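The values are calculated or read from the model by the stated rules, or taken from the named source; none is laboratory data. Keep in mind that what you see is a predicted model, and the values were worked out from it rather than measured. Here Cβ is always computed from backbone atoms with ideal geometry, including for glycine, and neighbour counts include all displayed protein chains.
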């Protein structure tokens, strides 16, 4: 009888531990669906990813690099990122800028200058403009904040849509001084023709002729 009670006690203990363990793992497992549910209901994860991408330089972006420390002081270096994704700095030559954040570009430029050319140096890189502009025959002209995943049609929607006088066949998209013309009607038929908008772009909707 004593042995039976001992076995029964151990069995009860094992059962309690198993139950307790089951509750612990159940608690952990319920946390995962809750997190997934939050993401599907509008978590800023996607927005955060877009923001990280937006914060990186692209071809055509205007870059301003200031070197603080040299005596006599040097003027700021201003340049648009070339087609090969680089800018050209004094002494160190070509530096890859496209695809990098301001902080990453600062570190690379600093390490290229120090200690080979300067013993002490602070590098300041101006981040790219995170906006684009829409003008012409739209209801709300002016700059628009870039929030990622923006196309030409979305940019026009952000500007309140077309006015009654808009020429939808000759929408002009200007990027880094180069312009392309797009037909809104063709884009509606084939969405693959809808070009992506990036910071610094300008969209102009001309007035149609009667």
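A count restricted to segment 169-205 and to residues that are touching a helix residue (DSSP H, G or I) at 6+ places or on another chain (Cβ under 9 Å) and touching a residue at least 40 places away in the same chain (Cβ under 8 Å) stands at 9.
All of 130, 196, 152 fail the test of being modelled with pLDDT of 95 or more and within 27 Å of residue 82 (Cβ to Cβ), apart from 152.
A quick yes/no check of all residues on (1) assigned to a loop (DSSP other than H, G, I, E, B); (2) touching a strand residue (DSSP E or B) at 6+ places or on another chain (Cβ under 8 Å); (3) touching a residue at least 12 places away in the same chain (Cβ under 8 Å):
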residue	(1), (2), (3)
108	no, yes, yes
115	yes, no, no
119	yes, no, no
132	no, yes, yes
135	no, yes, yes
144	no, yes, yes
147	yes, no, yes
154	no, no, yes
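In segment 121-130, of all residues being buried (at least 16 other Cβ atoms within 10 Å of the Cβ) and part of a strand (DSSP E or B), the one that is nearest to the chain's Cα centre (by Cα) corresponds to 125.
For segment 77-92, filtering for residues that are more than 19 Å from residue 177 (Cβ to Cβ), loosely packed, with under 13 Cβ neighbours inside 10 Å and in contact with a strand residue (DSSP E or B) (Cβ under 9 Å, 6 or more places away or on another chain) leaves 1.
Based on what the data block shows, is residue 63 touching a helix residue (DSSP H, G or I) at 6+ places or on another chain (Cβ under 7 Å), part of a strand (DSSP E or B) and either assigned by TED's automatic domain parsing to the domain that holds residue 199 or modelled with pLDDT of 90 or more (or both)? Lay out the reasoning, then the answer.
Working: touching a helix residue (DSSP H, G or I) at 6+ places or on another chain (Cβ under 7 Å): no; part of a strand (DSSP E or B): yes; either assigned by TED's automatic domain parsing to the domain that holds residue 199 or modelled with pLDDT of 90 or more (or both): yes.
Here the answer is no, as residue 63 does not meet what is asked.
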